[in-house]
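The next block holds one structure in the form of structure tokens; read it before the comments.
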Amino acid sequence: MRPFRAHRSTAALGSGALAAALLLTACGSSGSAGSKDAADGKVTITVDLFGTFGFKESGLYDEYMKLHPNVTIKQTDTQDEGQYWQALQTKLAGGGGLADIQGLEVGRVAGVLQKQADKFVDLKTLGITNEDLVAWKGAAVKTADGKVLGAGTDIGPEAICYRTDLFKAAGLPTDRTELAAKWSTWQGYLDLGKQYVAKAEAGNAWTDSAAGMFTAEVGQQKVRYADESGKAVYDSNPGVKTAWTDATKLVADGLSAKLPQWTPEWNKAFSTGKFATLSCPAWMIGYIKGQAGDAAKGKWDIAASPGKTGNWGGSYLAVPKTSKHQKEAAELIKWLTAKEQQATLFTKQGSFPSSTGAQASIKAVKDPYFNDAPIGEIFSESAANMPAQVLGTDDGVVGKAFTDALGEVERTNTAPDAAWKHAMDNIKKANGS
């Protein structure tokens, strides 16, 4: 998932150079978009996404339509990826209602490759190869016979976002380097959280939810829910069990605000200061800006996460075979995912590029909203340390079962062992076993 809102940060990347690169990239495909079956030569490309990818908010759609006056782009989006995925499955099964471009979350792509490859266009036939992406990102959407089913957008290297004003009020240090050292491990993160809640105002928690911490910690594992052979290991993987134990400790120690992520209550908490830290993949910083607003500018900062690595989320753009504008859709995708546009999305929104070319250009980016935090440096280090994760066909289902179960621990006082069993049962039920 990556819901976010547009915001331009200062960057070492020169705005003039970036604009020129944008123009050159766009002009390279200028005049080629346009549906031949339209009587007036105009075409409307429909895009259906989850969260907010940032294309509209950062002005990329407007730029593309200005350079391609025969193209109109119409986007729909669903904030919750789980709801989006369910709706997409219904449309794929029925063959109707699909957009020209559909977003796919990284946790879903292994299942798409194995079960729904026949539903999507091989983008390689339309000039998209993913050759500029980090190796694992491109490999994840490549079928055994060489088809490319999606174009990579962002990845989700992890950090910790925190409220400096709340830290000061609780007598904690605010320097990002000092904090990264104190929470170099997840146990250190929990220990500092205990110090925080002992001095913070009543009702102010250390972090938003156990689910957020669990997802971030699991995201640091090479093998998570399935091993390299495809065998399910979610119930026996020591890394998953450790993350579960740490997340339930978070609840037991009173460090969680017990807020379900992506809900209105969670959104409101960003502006009311209900929690002091947040497991923070790169795309989350734009979401914070959108929810906390201008009033919180300078109150947030970013430090390296425990372990200084991890990946949470990241997405792809795919073209269903039902699209009547496959060529035009692919041209738009190719432009949106080019290194120049990926760099723009990071400087404006924090969406960390999967393009190696874009990654090389954003290392000096700082963000004034987050006290001029060196976001390019922090997230680049996290990405560099990131293992090439093994993706299972049911990662989305498994991850949701665990986070739902942690919600039971938080909000209904379910014992951790009982909640774990509920997660196992729900996974089996979802898989028809």
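Here are the numbers for this structure:
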| quantity | calculated |
| --- | --- |
| Checking Ala269 against (1) in a helix (DSSP H, G or I); (2) open to solvent by 10 Å² or more (accessible area, probe 1.4 Å); (3) under 30 Å from Gln187 (Cβ atoms); (4) not β-branched (Val, Ile, Thr), the condition it does not meet | (2) |
| Matching residues, the stretch 347-364, being open to solvent by less than 10 Å² (accessible area, probe 1.4 Å), out of contact with any Phe, Trp or Tyr (no Cβ under 6 Å at 6 or more places or on another chain) and part of a helix (DSSP H, G or I) | Thr347, Ala358 |
| Single match in Gly298, Gly290, Gly286 (criterion: surrounded by fewer than 23 Cβ atoms within 10 Å (Cβ to Cβ), in a helix (DSSP H, G or I) and touching an Asp or Glu at 6+ places or on another chain (Cβ under 9 Å)) | Gly290 |
| Residue match in the stretch 45-56 (condition: modelled with pLDDT of 90 or more, open to solvent by 50 Å² or more (accessible area, probe 1.4 Å) and closer than 24 Å to Lys297 by Cβ) | yes |
| Hits in the stretch 394-422 (condition: over 23 Å from the mean Cα position of the chain (by Cα), among the aliphatic types (A, V, I, L, M) and open to solvent by less than 30 Å² (accessible area, probe 1.4 Å)) | Val409, Ala419 |
| Some residue of the stretch 211-230 being loosely packed, with under 14 Cβ neighbours inside 10 Å, within 29 Å of Pro374 (Cα to Cα) and basic (Lys, Arg) | yes |
| Checklist (1) farther than 18 Å from Ser279 by Cβ; (2) open to solvent by less than 30 Å² (accessible area, probe 1.4 Å); (3) in a helix (DSSP H, G or I); (4) not aromatic (Phe, Trp, Tyr) applied to Lys124, failing item | (2) |
| Some residue of the stretch 93-100 being of a type in the set (D, E, K, R) and modelled with pLDDT under 95 | no |
| Hits in the stretch 58-114 (condition: over 16 Å from Val319 (Cα atoms), in contact with a helix residue (DSSP H, G or I) (Cβ under 7 Å, 6 or more places away or on another chain) and not in a helix (DSSP H, G or I)) | Ser58, Val71, Thr72, Thr78 |
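The values are calculated or read from the model by the stated rules, or taken from the named source; none is laboratory data. Just so you know, these numbers come straight off a predicted model, no measurement behind them. Virtual Cβ from ideal backbone geometry, glycine too; neighbours counted across all protein chains shown. Surface areas here come from the heavy atoms of the whole protein model, side chains and all, with no ligands, DNA or RNA. Shrake-Rupley method; radii C 1.70, N 1.55, O 1.52, S 1.80 Å.
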